[in-house]
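Before I ask anything, let me first share the structure, which is written out below as structure tokens.
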Amino acid sequence: MSIGISALTTGFTSAMIAFDMDVDVPHRRAQPLFYGYMPDDNGLRGRCFVLMLIISTLHNVSRSLGAALLAASGNKLLAVYFVGGEIALYYMAKCLRGDIWYFVGAEGIINYIMAFFPRLCTKVIADFSGCLHLRHAYELGGIAFSASMLWAQIMPFVALQFFEGSNKDALTIILACSATLWLFFNFVFFRTINKSYYNTFLRRRHRSTRARDS
């Protein structure tokens, strides 16, 4: 029950952040090509919020179970290797694309050092909450965010191969049910939001942010 409440709290917080950011009028005026996926109808907005809450909760459960299974495997450092490796690859990709900067005015090696902690926080929060706002080009970007969401559903099944406990069959069923529900509620969510914003889940950078950067 405690784990369930924690997952629901994470899901609620994640959904509230994404919801508030999207319906905020100044955000919609500043970047109309990113903010605005929430329908204008109040009923549909309420449905989107509930769907985001459920999706984020299931995401947190899957990701947390995956990390726990790795930690409970024979190799105690396996979880560190998996999670640390993901973060390292993400940071390297940001550096190679010249997209690592986070603070205006920072240059050279100082920029890379100053950007490490906020980028680390963003990656960890996105990985364990699935907050939709973090697909923003200034954060993970659409492609990295979507890949992280999908990997969160695949990772527990990979971690399960390293787990040798007696309840492995029961865990497989739980993970399969969670992943199936996650896919179903994502399908309903994407059928509910404004379809013109689908591209924000697939692009590294968006036209509204590029225009603002220039």
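FYI, it's all coordinate maths here, none of it is from the lab. Here the structure is a predicted model, which means the values were calculated and not measured. Backbone-built Cβ (ideal geometry, glycine too); neighbour counts: all protein chains shown.
By count of other Cβ within 10 Å, fewest leading, how are L175, L44 ordered? Display every interim value, and only then the final one.
On the way: L175 21, L44 14.
Fewest to most other Cβ atoms nearby, the residues stand as L44, L175.
Also, I was wondering about something else. Please report K94, K76 as a ranked list, fewest other C-beta atoms within 10 angstrom at the top and most at the bottom.
Working: K94 20, K76 10.
Fewest to most other Cβ atoms nearby, the residues stand as K76, K94.
Output the direction-averaged projected area (hull surface divided by four) of the convex hull of the alpha-carbon atoms of the stretch 2-213, in nm². It would help to have the intermediate numbers written out before the result.
Working: hull surface 50.7 nm².
Projected over every direction and averaged, the Cα hull of the stretch 2-213 covers 12.7 nm².
Taking Cα pairs under 8 Å and at least six residues apart, what relative contact order does the stretch 2-213 come out at, in percent? Let's see the in-between values first.
Values: 249 pairs, mean separation 67.4, N = 212.
Computed over the stretch 2-213, the figure is 32 percent.
Follow-up question, since we're still on this one. Treating only the Cβ atoms of Lys and Arg (+1) and Asp and Glu (-1) as charged, compute the dipole magnitude of the chain about its Cα centre; round to the nearest 20 debye.
Working: 20 positive and 13 negative charges, 108 e Å.
Roughly 520 debye, rounded to the nearest 20.
If you put +1 on each Lys and Arg Cβ and -1 on each Asp and Glu Cβ, how big is the dipole of the stretch 11-98 around its Cα centre, in Debye rounded to 20? Walk me through the intermediate numbers first.
Numbers: 8 positive and 6 negative charges, 55 e Å.
That gives a dipole near 260 debye.
Now a separate question. How many angstrom lie between the Cα centre of the stretch 134-188 and the Cα centre of the stretch 10-71?
The distance from the Cα centre of the stretch 134-188 to that of the stretch 10-71 comes to 17 Å.
Something else now. For a footprinting-style exposure proxy, rank I193, I54 by other Cβ within 10 Å, fewest first. It would help to have the intermediate numbers written out before the result.
Numbers: I193 23, I54 20.
The fewest-first ordering by Cβ neighbours comes to I54, I193.
Separate question: What is the gain in length, in nm to one decimal, between T172 and A68 on full extension, counting 0.36 nm per residue of separation less the C-alpha to C-alpha distance? List each step's numbers first, then the result.
Details: separation 104, 0.36 × 104 = 37.44 nm, distance 1.38 nm.
Going from the current span to full extension adds 36.1 nm.
Among the lysines, which fall within straight-line cross-link reach of K168, defined as a Cα-Cα distance under 21 Å, with same-chain neighbours fewer than 8 residues apart omitted?
In chain and number order, the partners are K76.
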